[in-house]
Structures are given as structure tokens and as C-alpha cells.
1. At a Cα cut-off below 23 Å, give the lysines reachable from residue 18, other chains included and same-chain residues fewer than 8 away excluded.
2. Straight distance only, please: which aspartates and glutamates reach the Cα of residue 19 with their own Cα at less than 15 Å, same-chain residues fewer than 8 apart left out?
3. Using θ = phi - 60° and the Karplus curve 6.51 cos²θ - 1.76 cosθ + 1.60, what whole-Hz ³J(HN,Hα) does each residue of segment 131-138 get, with Gly and Pro shown as x?
4. If each residue of separation counts as 0.36 nm, what is the full-extension length gain between residue 64 and residue 78 once their alpha-carbon separation is subtracted?
Amino acid sequence: MWSEAKWLKVPMEEIQRKKIYHGDMTGRFAYFRCEAQVPEGARLTADISASSRYRLWVNGKPVLSGPCKGDEKRQYYETVELTDLLVPGRNVFCAQVLYHDPNTAEIQTDERVAVYGVMGVAAGHRLAVEGDIFDQDGAAAGTVTTGRADWRVWLDNSFYLKSSDITCFLGAVTEEIDFSRTPAHWKAWPRGMPQGKSLPVQ
């Protein structure tokens, strides 16, 4: 596989709208969401990867997390069978991507830090998915492939990973969350992110 998928990133418009400045993207979530119409008896196997970590949901159900830890020259991905999670009609595919800037991770005494164990390349939030939906006769019925499917993104400015004078010497971080600004329904099925709040990322 991996013949058509493109890496998706957070559009600059979304970064500017959330008033996030250069060098302050680490330790934040980006929420990617795709909806597809699926016929009865459909099949779907997909490959997925992200920088630095992702969690995948299908129709509101958690599926898996990844990718396996790589390095600056090695990016891993997972292949996942999603057929049993599909339903006839509207299906929702959601990925939560957490980015850790390796340059920030080197300075653990800063307030905003990355986690050593899951940091990836210095590329920002990136998501790649490849998989076509086939009907029960084996004919193509849709796709979740990034760059072809209508994926949308919401950059979360309500969640932060932080360090303090105590945690920086323990190899740990703390979380700070403003629940009043969290998009609570971003991965819900059939509900989703509020209209006008997510941006296309093709």
C-alpha cells in the first residue's frame, strides 16, 4: 500500500485562528475527522501513521494507538482491519494526533516540553491514512485515503503538556486542560465537531 496517501498537516489558517505562535506547537493535539458513506457488507483495511503519536476511532469506538516508535530516519505505521466496525450508511473515522517537537524535548526545563519517548521528526502534526472501501462484490465504494478523502482538522488550544521545576528532573510532565474550550463531540458518531469549526486539509 502507501501508493496514494498524502501527509496531512494543520493549515496555517487554523494555527493563526487559535493564536498559536511559532515554536509552540509541541504537546498539543490536532483532531482529524473523515466521514464516508458505506454500503452494506463493505470491507476496509487501512494503513495509518502520524507524527508523533495518534489514536484512532471508528464510529465513536476506540481502535488502536501508534505508531511504533521510530527515529529521524525511520517512520513506522500500522495496518488495521476495520471491516467489523463499519455500518451501512454514514461512518466516521477520527484520529487524535499528539505532536512532540524533538528540538523542544532537548530543553526539559522549559515550561512547554515534549516527551522523550514519543517525539518524532520536527514536522508538526502529520497524519497519513490509506485504505479503500470495497462493497460485497469487491467493487470500490469509497476511500479514507488522506489526500483523496474529505479529512478535516481542529487544532486543540485547550490542552497542554507542561513541565515544572519539579517534574523536569523526574522525566515527567503535567497536563493542563481548559474543558470550556475542548471540542467534546469531535469523535462522536453521528455527531461531530460544530459546523464552521473544522477546516478541510486537502
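Only the coordinates and a few stated rules stand behind these numbers; no lab work does. Because the structure is predicted, anything quoted here is derived from the model rather than measured.
1. Leaving aside lysines fewer than 8 places away in the same chain, those within reach of residue 18 are 9, 162, 187, 197.
2. List returned: 156.
3. Working through the residues one at a time gives x, 9, 8, 10, 7, 5, 9, x Hz.
4. On the way: separation 14, 0.36 × 14 = 5.04 nm, distance 0.91 nm.
Stretched out fully, the residue 64 to residue 78 stretch lengthens by 4.1 nm.
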